[in-house]
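Read-outs throughout are calculated quantities, based only on the coordinates presented, and are distinct from any laboratory measurement. A quick note: this is a predicted structure, and the numbers were derived from the prediction, not measured. So basically every Cβ, Gly included, is an ideal-geometry build from the backbone, and we count neighbours across all protein chains shown.
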Amino acid sequence: MLHTTIYYGLLGALAIALLVAVGTDLARREIDNWLNLAIALAAPVFWWAGGLELWPDIAFHVAVALVTFAVAAGLFAIGQMGGGDVKLIAALALWFPPALFLNLLMVMAVVGYVLTMGLGALRVRRAAGTMRSRDMIVLSALSLVAAVLIAAFVGAVPMPLPGFLREIADSSIVMAVIVFQLPVLVLAYVSFHAIRIFRRRKVDIAAPYGVAIAAAGLWLIAAQFAATPTLRGMLA
C-alpha cells in the first residue's frame, strides 16, 4: 500500500539532504557522515511508505547498495573517489529501485564528466593567463564536441551521424552496433586529449563528485514529482 503523503514527503526531505550535500561538497569538499547516515536510516521508512515487499523489492535494494558500496570503496582505495561520495551513493542505492538507480549512475557520470571538463578548462585558463592560448582553443572545441555527444547519448538531440552511416546502421543490428561505437570512440579521444592538456599544464582535474551524485539524485526526485497526477494537472 502506497502512503502517498509520507512517500513524497520523504522524497522532499531527501532532496533537501542532497542540496545540503552539494553545499558542503562545494564549500569544503566533504559530505558529513551524519548526513549520509540519516539518508541511509530513512530508507526503511521510505520502503514502508512505498509499500515494498521484503522479497524481492527490499532485498534487491540492499543487494544493489552493498555492491555499489563495494565498487565505490574500491575506487576510494585507489584515490578516485572520496569517502563521503562512497557513502552517499551507497545510501542512495537504498532509495531507488535498480532500474532507476542505473539511470542515476548514468546522469551522475554525465554531470561528473561535465564538471571535470569545465573545472579543468578553468584551471588551464588560470595557468595560461589568457583565453587565447592554443590549449584553451583546443579545450573549447573538445568541450563543444563532448557536449553534443553527451546530449545525443541522453536523447536530448539526435546523434550527429552522416546520412550514409545511418543507412549502414539501418541495414542490420550488427552494423548498427558497430556504427554507434564511433561516437563512443570520438568521446574517448576527446577525453584522452583533454587529459593530456590538463597534465601538460599540471592542473588538478579533481571535481567535487558529490555534486554529481547529488545532482543525479535530484534529477530522479524531480522526475518522480513531475509524474504525480496533481503536478501533471497543474502543468497541463
>> Whole percent per 10 Å bin, from 0 to the bin with the longest distance: what is P(r) over all C-alpha pairs of segment 108-205?
In response: 15, 41, 26, 14, 4, 0
> What is the helix-to-structure angle for 83-93, meaning the angle in degrees between its Cα long axis and the longest Cα principal axis of the chain, kept from 0 to 90 and rounded to the nearest 10?
Replying inline: 60 degrees
> When the Kirkwood hydrodynamic radius is evaluated over all pairs of different C-alpha atoms of the chain, what value in angstrom, to one decimal, is obtained?
Replying inline: 20.0 Å
>> If every alpha-carbon in segment 1-69 counts as one equal scatterer, what log10 I(q)/I(0) does Debye give at q = 0.17 1/Å?
In response: -0.72
>> Using the crude model of +1 on Lys and Arg Cβ and -1 on Asp and Glu Cβ, and no other charge, please compute the dipole size for segment 108-205 relative to its Cα centre, in debye to 20.
In response: 780 debye
